[in-house]
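Below is one structure, written out as structure tokens; comments come after it.
Readers should treat all values here as calculations from the given coordinates under stated rules, not as data from a laboratory. Keep in mind that this is a model prediction, so the values were computed, not measured. Backbone-built Cβ (ideal geometry, glycine too); neighbour counts: all protein chains shown.
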Amino acid sequence: MSTDVRAATSTIGVCWKWVDVEGDPRRAGVSAADQAALETAFSIAASLDAGTDSSTEITVVALGPVAAEQALRGALAAGAHRAIRIDASAHLPSDRVAAALADALDRVDLVVCGDYSADRGSGSVPAFLAAELDAAQALGLIQISVDGRVTAEGAPVVRALRRLDGGRREQLTVTPPAVLSVEGSVATLRRASLPAELLAKQAAIAVLPGPSAAEQHADTIRPFRPRPRVVPAPVGAGALDRIRALTEAGATVSHGETVTLDPPEAAARILAALREWGYLEP
Amino acid sequence: MLLERGPFAGSKNMYGGVVYPRILDQFHPNWWEEVPIQRWITRRSTMVLTATQAMTVDFRTQAWGEPPYNGATAYRPDFDHWLAGKAEADGAVLVTSTTALGLLRDEAGRIAGVRTDRPDGDIHADVVIACDGVNSFLAKEADLFGPGQTEAGNYTVGVKETIALPKDVIDERFGVRDREGVDIEILGGTGGVNGGGFLYTNLDTLAVGVVLKLPALGAQPRRPEEIIADLKAHAAIAPLVEGGTIVEYSAHLIPEAGRSMMPRLTTDGMLVAGDAAAMCLAAGIWLEGVNFAMASGIYAGEAAADALRAGDTSAAGLAGYERRLGDTFVLRDHEKLRRAPGLVLSDRVQHHYPQMIANVVERVFRVENPRPKPGFRRIVREERKRAGIGLRDLARDAWAGIRSFG
Amino acid sequence: MVLVSRRPEWPEISFEERIGTTRFDVHERAHIVVDGSVCTDCSTRECIVACPANLFVPTADGGIVFNYEQCFECGTCYLVCNREGAITWTYPEGGHGVVFART
Ligand SMILES: Cc1cc2nc3c(=O)[nH]c(=O)nc-3n(C[C@H](O)[C@H](O)[C@H](O)COP(=O)(O)OP(=O)(O)OC[C@H]3O[C@@H](n4cnc5c(N)ncnc54)[C@H](O)[C@@H]3O)c2cc1C
Ligand code: SF4
Ligand code: SF4
């Protein structure tokens, strides 16, 4: 990633995870969050370019087989400038995916990803990618804006809103280089115009070699299903009490505890708490 | 340019289950080597059901299991996707996920293209071929239907379950091997609603469904999935389908009334083909539409190309379309069978004849010793009366039947 | 030996499970809109029994609740409904709506 960020012509990378859950490429595609990421890139680009004669370039990268090019053509038709397919199995471990994406996105200022994929992976690729690119990260965003403010080096300042537990929000200010990941609700990908759709059918898609076969240890993919959690039968005299007990409605639940610890101890404390609350096997 | 509103060709399309692709011989010789089918039909059964009885006429030929084949079960999302790929390979530009919203007209009011739901989505064209299926809003917008032709009474709704079973279980239950398949058309078995049923074998699924007459379906209390459940519970059907799991549920309309509901097929700058023009042949023992759609599409394309070459895309310039249809099975079969849909969906054929036939057969085969076997004619007479069928009705229907099917 | 005719074995399946076997890529715009005020004085209610996707649900106060999401786009409802203006029927946005696989 370039460290000399040029406000004049920026480059935004968008990462898509092409997923074929059913083993039927005709019904495969990318998640709503990935689509929202592209639309977010368009609106950031529009804000950056407003009133200037610069043109922010948007590159979309996807890992996957040839069939994934259909989705990339959709991105081009919607207005992306470049599309790159990394020729690899779409289901590599996140760190390998991030390394391959980082290679393809070497010189971009911002990267926008969806915060979940169509097969509901762990959502960890953006974090790995930020580490690979040595960039800041702001993940799970529900709102993004660029208001024309720039840093001392001339880089655009991104203001973002992040969802926290309990309906709270966190305001973030991010400066490039940065990796952002967005929820599907932030934006709806625009519909490609008919002429653009026709042009995209012809468009060239750059293909980069993926990680070697040896590195491609494929996970099995299946549709997302949340893990079951054992919930004890509710106690209470009346139905209403039992419903209250079950939904915790009206109760002030506080699983919360604020502690200040070093990372290894913090991790251990978190695991212990999750066990205690029934989210993990004891 | 080929417009498709679904994400891929075939994604919106549902039918019973058997395609007859003979018409493709002239364009893609040996199409059978690559067409994505499930099983080649080598057994065709026509089953007449009453509440407790079943009579089946079962035909089998190994000839249909070898090139050049006859019919095959296939999933439309596979078949249509493949066929659209062929069109693309031959130079068509397929644009998916794009819905035609309406017609464009030039200053003179002549059809000059379609408007789609994409930004900048107008497509100007010298000829529009409306093959947008049974609901054809394009043919309706062009005002090609006559009064009453789009009444609910001219349609049936087909509702179907795709049921997964292991291939060897299907092979065993239906008495077939490898890629051999069975097509069962069912008369009766749809409760109080006139219509019919079907049961087809795919490789490792069955297609089980009913075709129900509108608006009658809405005027009685059983819902479509309940009518299918009753059919599946029938003693003659249950052993074939039980134990399987539903892997897809679907529904689609059929233009049922054949020739009598066909719109004008040609107007200045536009042709209508396939179900949009009600070219589906739904006549009891036949339920064919895909072959009619493919053929009419081919002829529409040829006529449009001729018209473009001649520089005249008015209705007169496009007249080659109806000439081709009239010279081939498309309109000939429909002419011949123009009375069949009404006959097949009549109450007598739907309820009274099945009961009578089943009772006759039951008595013919019933052994009532020490009484001697009754005469066949007497059984028929008694059962006809019992089913409440007048001699004149029988004679009239027989005559209509001979004229339609003969 | 006594042969008892037995009910065929069918795994229980609710309507939600049944329709859940089919894929719908739902668009945010409702492609079919039902004007409940027209339905209030409709006594025949063909839509309720005829819609294969079971999308018309009567309410206690005599109205109709309609959900467009899991719709086959078949057209049965507008054909069986006799009331002018009750159903506004269009196709969903290109690329959305029902996506069949094994039909
Ligand atoms: C239950 C049932 C059982 C059947 N069984 C059989 C059978 O066993 N064998 C047989 O041969 N036939 C059968 N048929 C009939 C057969 O399905 C039809 O006759 C055939 O599909 C007609 O083909 P078509 O191309 O004219 O229309 P369709 O198959 O309906 O295709 C229309 C196409 O146009 C697209 N489209 C529609 N409107 C628009 C728009 N506005 N913009 C863009 N695209 C649009 C649709 O997405 C679709 O791809 C059956 C039908 C039913 C319902
Ligand atoms: S949609 Fe039509 S049939 Fe259904 S309740 Fe309303 S008016 Fe009656
Ligand atoms: S189009 Fe068909 S599935 Fe959709 S609401 Fe109408 S009847 Fe039901």
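Can you tell me the dipole magnitude for chain B around its Cα centre, using point charges on the Cβ only (Lys, Arg +1; Asp, Glu -1), in Debye to the nearest 20?
Values: 46 positive and 52 negative charges, 482 e Å.
Approximately 2320 debye in magnitude.
Give the angle, between 0 and 90 degrees and rounded to the nearest 10, that separates the Cα long axis of helix B:353-365 from the longest principal axis of the Cα atoms of chain B.
Computed tilt is about 40 degrees.
Could you work out [θ]222 nm for chain B from helices alone, using -39500 (n - 2.57) per DSSP H run of at least four and dividing by all its residues? Round to the nearest 500 deg cm²/dmol. Mind showing how you got there, number by number?
Details: 12 runs with 122 residues, N = 406.
Dividing the helical sum by the residues of chain B leaves -9000 deg cm²/dmol.
Rounded to the nearest angstrom and ordered from largest down, what semi-axes does the equivalent ellipsoid of region B:346-405 get from its C-alpha gyration tensor (root of 5λ)?
Values: eigenvalues 127, 24, 21 Å².
Values for region B:346-405, descending: 25, 11, 10 Å.
Projecting each Cα onto the charge dipole of the protein assembly as shown (Lys/Arg +1, Asp/Glu -1 at the beta carbon, about the Cα centre), which of B:Ile129, B:Leu331, B:Ala51 comes out farthest on the positive side?
Of the listed residues, the answer is B:Ala51.
Please give the peptides B:204-212, B:329-337, A:274-282 ranked by average Cβ packing (other Cβ atoms within 10 Å per residue), highest first, as a rough proxy for protection.
Numbers: B:204-212: 25.7, B:329-337: 18.2, A:274-282: 10.7.
Packing proxy ranking, top to bottom: B:204-212, B:329-337, A:274-282.
From other protein chains only, count the Cβ atoms within 10 Å of every residue's Cβ in B:220-228, then give the mean. Before the final figure, lay out the partial values.
Details: counts 3, 2, 1, 7, 7, 7, 1, 0, 2.
Average per residue, whole number: 3.
In region B:212-243, which residues have a backbone nitrogen under 20 Å from the label point lying 7 Å from B:Lys167's Cα in the Cα-to-Cβ direction?
B:241
Mind giving me the nanometre distance, one decimal, between the label points for A:Ser145 and B:Ser45, set 7 Å out from Cα along Cα→Cβ?
6.9 nm
Hey, if you put +1 on the Cβ of every Lys and Arg and -1 on every Asp and Glu Cβ in the protein assembly as shown, which of C:Phe56, B:Val35, B:Gly195 ends up farthest toward the positive end of that dipole?
The residue sitting most towards the positive pole is B:Gly195.
How much FRET efficiency would the formula 1/(1 + (r/R0)^6) give for C:Glu69 and A:Thr260, where r is the Cβ-Cβ distance and R0 is 35 Å, rounded to 0.05?
On the way: r = 47 Å, r/R0 = 1.35.
Plugging the Cβ-Cβ distance into 1/(1 + (r/R0)^6) gives 0.15.
Pick from B:Ala276, B:Ala300, B:Ala164: which residue has the top mean-square fluctuation in a GNM of chain B where Cα pairs under 10 Å get a spring?
Greatest mean-square fluctuation among the candidates belongs to B:Ala164.
Need one value for B:7-15: mean number of C-beta atoms belonging to other chains within 10 Å of its residues' C-beta atoms. Numbers along the way, then the final one.
Working: counts 10, 7, 1, 5, 11, 8, 2, 7, 1.
Partner Cβ neighbours, averaged per residue: 6.
With angles folded into 0 to 90 degrees, how steeply does helix B:290-310 sit against the dominant principal axis of chain B? Use alpha carbons for both and round to 10.
That helix lies at roughly 20 degrees to the long axis.
Taking Cα atoms, how many degrees apart are the long axis of helix B:391-405 and the longest axis of chain B, rounded to 10 and kept between 0 and 90?
40 degrees
Region C:32-99: Rg/Rh from Cα coordinates, Kirkwood Rh? Walk me through the numbers before you get to the answer.
Working: Rg = 11.7 Å, Rh = 12.3 Å.
Result: Rg/Rh = 0.95.
Quick one: compute the contact order of chain C, relative version, from alpha carbon pairs under 8 angstrom and 6+ residues apart, as a percent. Write out the running numbers ahead of the final one.
Details: 126 pairs, mean separation 38.6, N = 103.
In percent, rounded to a whole number, it is 37.
So what are the ³J(HN,Hα) numbers for region B:210-220, from phi and the Karplus equation (6.51, -1.76, 1.60; θ = phi - 60°), rounded to whole Hz, Gly and Pro as x?
10, 10, 10, 6, 9, x, 3, 3, x, 9, 9
For region B:27-179, state the semi-axes of the equivalent ellipsoid (square roots of 5 times the eigenvalues of the alpha-carbon gyration tensor), sorted largest first and rounded to whole angstrom.
Working from the Cα gyration tensor, I get semi-axes of 40, 23, 14 Å.
How many nm separate the modelled label positions at B:Glu33 and A:Asp134, each set 7 Å beyond the Cα in the direction of the Cβ?
About 5.8 nm, to one decimal.
Just to verify a number: FRET efficiency for A:Val231 and B:Asp90, C-beta to C-beta distance, R0 = 60 Å, to 0.05? Can you show the working numbers first?
Working: r = 60 Å, r/R0 = 0.99.
After rounding, the FRET efficiency stands at 0.50.
Highest mean first, what order results for A:71-80, B:93-102 on Cβ atoms within 10 Å?
Working: A:71-80: 22.8, B:93-102: 19.4.
Highest mean packing first, the order is A:71-80, B:93-102.
Enumerate the calculated ³J(HN,Hα) couplings along region B:194-199 in order (Karplus 6.51 cos²θ - 1.76 cosθ + 1.60, θ = phi - 60°), each rounded to whole Hz, writing x wherever the residue is Gly or Pro.
In residue order, the calculated couplings are 5, x, x, x, 8, 8 Hz.
Based on DSSP H runs of at least 4 residues, each adding -39500 (n - 2.57), what is the mean residue ellipticity at 222 nm of chain A after dividing by all its residues, to the nearest 500 deg cm²/dmol?
-8500 deg cm²/dmol
Averaged across B:111-118, how many Cβ atoms of other chains sit within 10 Å of each residue's Cβ atom? Walk me through the numbers on the way to the answer.
On the way: counts 0, 0, 0, 0, 0, 3, 8, 11.
Mean partner shielding for this stretch: 3.
So for each of B:317-325, C:32-40 I average, over its residues, the number of other beta carbons within 10 Å; can you give me the resulting order with the highest mean first? Walk me through the intermediate numbers first.
On the way: B:317-325: 20.2, C:32-40: 16.2.
Per-residue mean Cβ counts within 10 Å order the peptides as B:317-325, C:32-40.
With +1 on the Cβ of every Lys and Arg and -1 on the Cβ of every Asp and Glu, and nothing else charged, how large is the dipole of region B:241-312 about its Cα centre, in debye rounded to the nearest 20?
Details: 3 positive and 9 negative charges, 39 e Å.
Value, rounded to 20: 180 debye.
Tell me, what is the percent relative contact order of chain A, built from C-alpha pairs under 8 Å that lie six or more residues apart?
Values: 546 pairs, mean separation 63.3, N = 282.
Contact order relative to length: 22 percent.
Mind jotting down the three principal axis lengths of region A:2-216 based on Cα atoms? Whole angstrom, largest first.
46, 42, 32
Projected onto the charge dipole of region B:346-405 (+1 at Lys/Arg Cβ, -1 at Asp/Glu Cβ, origin at the Cα centre), which of B:Phe376, B:Ile402, B:Ala387 gives the Cα projection farthest towards the positive end?
B:Phe376
Tell me the net charge near B:Phe8. Cut-off is 9 Å between Cβ atoms, B:Phe8 excluded, with +1 for each Lys or Arg and -1 for each Asp or Glu. Present the calculation step by step, with values, prior to reporting the outcome.
On the way: positive: A:Arg26, A:Arg27; negative: B:Glu4, B:Asp80.
Surrounding charge for B:Phe8 is 0.
State, as an integer percentage, the relative contact order of chain B based on alpha-carbon contacts under 8 Å between residues 6 or more apart.
On the way: 760 pairs, mean separation 68.1, N = 406.
Contact order relative to length: 17 percent.
Amide H to amide H, which residues 5 or more places from B:Leu104 or on other chains are under 5 Å from it, using H placed in the peptide plane?
HN-HN under 5 Å from B:Leu104: B:Ala112, B:Gly113, B:Val114, B:Arg115.
At 27 Å minimum axial length over the Cα atoms and a Kyte-Doolittle cut of -1.0, report the qualifying DSSP H helices in chain A, or say none.
Details: long enough: none.
Span-like helices, by this rule, are absent here.
For region B:113-178, what is the charge dipole size about the Cα centre, in debye to the nearest 20, if Lys and Arg each add +1 at the Cβ and Asp and Glu each add -1 at the Cβ? Could the numbers behind the result be given before it?
Numbers: 7 positive and 13 negative charges, 42 e Å.
Computed charge dipole of region B:113-178: roughly 200 debye.
Sorted from largest down, give the three principal axis spans of the alpha carbons of the protein assembly as shown, whole angstrom values.
Per principal axis, max minus min of the Cα coordinates gives 105, 81, 60 Å.
Over chain B, what lengths in whole Å, largest first, do the semi-axes of the equivalent ellipsoid take, defined as the square roots of 5 times the eigenvalues of the alpha-carbon gyration tensor?
Numbers: eigenvalues 325, 123, 75 Å².
In descending order, the three semi-axes are 40, 25, 19 Å.
On average over all directions, what projected area in square nanometres does region B:184-293 have, based on the convex hull of its Cα atoms?
Values: hull surface 34.3 nm².
It is 8.6 nm².
So what is the 222 nm mean residue ellipticity for chain C from helices alone, if each DSSP H run of at least 4 adds -39500 (n - 2.57) and you divide by all residues, rounding to the nearest 500 deg cm²/dmol? Working shown, then result.
Details: 4 runs with 20 residues, N = 103.
That calculation yields -3500 deg cm²/dmol at 222 nm.
Sequence gap of 8 or more, or different chains, plus Cα separation below 17 Å: how many lysine pairs satisfy both in the protein assembly as shown? Spell out each step's value before the answer.
Values: A:Lys201/B:Lys86; B:Lys12/B:Lys160; B:Lys160/B:Lys213; B:Lys160/B:Lys232.
Going through the protein assembly as shown pair by pair, I get 4.
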